[in-house]
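Let me begin by presenting the structure, written as structure tokens, before commenting on it.
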């Protein structure tokens, strides 16, 4: 049976069967889930300060004129200040899977502690997602350790999906590559404007050395110094640019991917393999960001449980920084 609710811009459908599956699985695997929840608490406490440090670094970068490092990912829309654009089809599928694993783990962990929840499929405008509704009063009445298990479970769900995705990627990538003819490396994003490259360029050589894949690119860069002006051959002609130095090594300052030619069937396989890597990165990012000690996020609620009033104060500061990182790039983009 399905119960449908609509509140613009969100359409929500609550399903009884998935709710029952979560409850049955949670009760059946109660002991395993509780032990897993203890691991989740430890990981959550470890990731909280790391996530806060990343938030501070992203805030400083933004104030220094850099691009957004924390953003609401909208398929097909470029992140302000960068050339990164989440592909529409892969982005919609990834967002849905992220939500299912995140919310599903909350529901499973709640069930392991005898707390029922309701599973929903959500359509936010055209973006599909999922949600699990847990009675806040019941959650507040739980023992602190049990509540921490439930709160940390969402990020653990994302980390599990990230591990599954990267594991599948490392299995599939060599198979796909064996059916590909490498023709250089394609530029996806540019963080070093002095390099003279743009998204879509295909690099085929550096300083007279042929570049067919990522390995040959690394080899071509071995004799290049940071800040050195170099000649770069691309599929559309030759450009000159200046490298940057990171950790004592010369870097192009670009995000790139191998350029491959293959049959139509294997092109689909390559796209699916690329999706696995995207899914890994997005889940890792969402899992860590969700553990930020900021207000309404799970990390903020965990910190409040752990530190009381001090946790609330830190959560308010982190929430302000988070909102600034999310919305300020759009304000600067529109005002500029």
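The values are calculated or read from the model by the stated rules, or taken from the named source; none is laboratory data. Source: prediction; values computed, not measured. Reconstructed Cβ throughout: ideal geometry from the backbone, glycine too, with neighbour counts over all protein chains shown.
Of the residues making up the range 174-191, those that are surrounded by fewer than 16 Cβ atoms within 10 Å (Cβ to Cβ) and modelled with pLDDT of 90 or more are 174, 175.
Table: residues versus (1) within 17 Å of residue 299 (Cβ to Cβ); (2) in contact with a helix residue (DSSP H, G or I) (Cβ under 6 Å, 6 or more places away or on another chain).
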{"site": "110", "(1), (2)": "no, yes"}
{"site": "132", "(1), (2)": "no, yes"}
{"site": "137", "(1), (2)": "no, no"}
{"site": "141", "(1), (2)": "no, no"}
{"site": "149", "(1), (2)": "yes, yes"}
{"site": "153", "(1), (2)": "yes, yes"}
{"site": "161", "(1), (2)": "no, yes"}
{"site": "164", "(1), (2)": "no, no"}
{"site": "168", "(1), (2)": "no, yes"}
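Counting only residues that are under 28 Å from the mean Cα position of the chain (by Cα) and buried (at least 17 other Cβ atoms within 10 Å of the Cβ), the range 200-212 holds 3 of them. Taken together, the residues in the range 25-55 that are surrounded by 14 or more Cβ atoms within 10 Å (Cβ to Cβ) and within 26 Å of residue 71 (Cα to Cα) amount to 11.
Every listed requirement among (1) farther than 30 Å from residue 91 by Cβ; (2) out of contact with any strand residue (DSSP E or B) (no Cβ under 8 Å at 6 or more places or on another chain); (3) not assigned by TED's automatic domain parsing to the domain that holds residue 90 is met by residue 265 save one, (1). Of the residues in the range 220-231, at least one is assigned to a strand (DSSP E or B) and surrounded by 19 or more Cβ atoms within 10 Å (Cβ to Cβ). Would you point out the residue of the range 77-100, among those that are touching a helix residue (DSSP H, G or I) at 6+ places or on another chain (Cβ under 7 Å), part of a helix (DSSP H, G or I) and surrounded by fewer than 23 Cβ atoms within 10 Å (Cβ to Cβ), that is modelled with the lowest pLDDT? Result: 90.
Applying the selection to the range 287-305, what residues are modelled with pLDDT of 90 or more and surrounded by fewer than 18 Cβ atoms within 10 Å (Cβ to Cβ)? Answer for the range 287-305, where residues must be modelled with pLDDT of 90 or more and surrounded by fewer than 18 Cβ atoms within 10 Å (Cβ to Cβ): just 305.
Out of 284, 279, one residue alone is in contact with a helix residue (DSSP H, G or I) (Cβ under 6 Å, 6 or more places away or on another chain), surrounded by fewer than 19 Cβ atoms within 10 Å (Cβ to Cβ) and outside the structural domain of residue 211 (by TED's automatic domain parsing). It is 284. The number of residues in the range 232-243 that are farther than 17 Å from residue 210 by Cα and surrounded by fewer than 18 Cβ atoms within 10 Å (Cβ to Cβ) comes to 1. Screening residue 90 with (1) within 30 Å of residue 262 (Cβ to Cβ); (2) free of Cβ contacts under 8 Å to residues at least 40 places away in the same chain gives one miss only, at (2).
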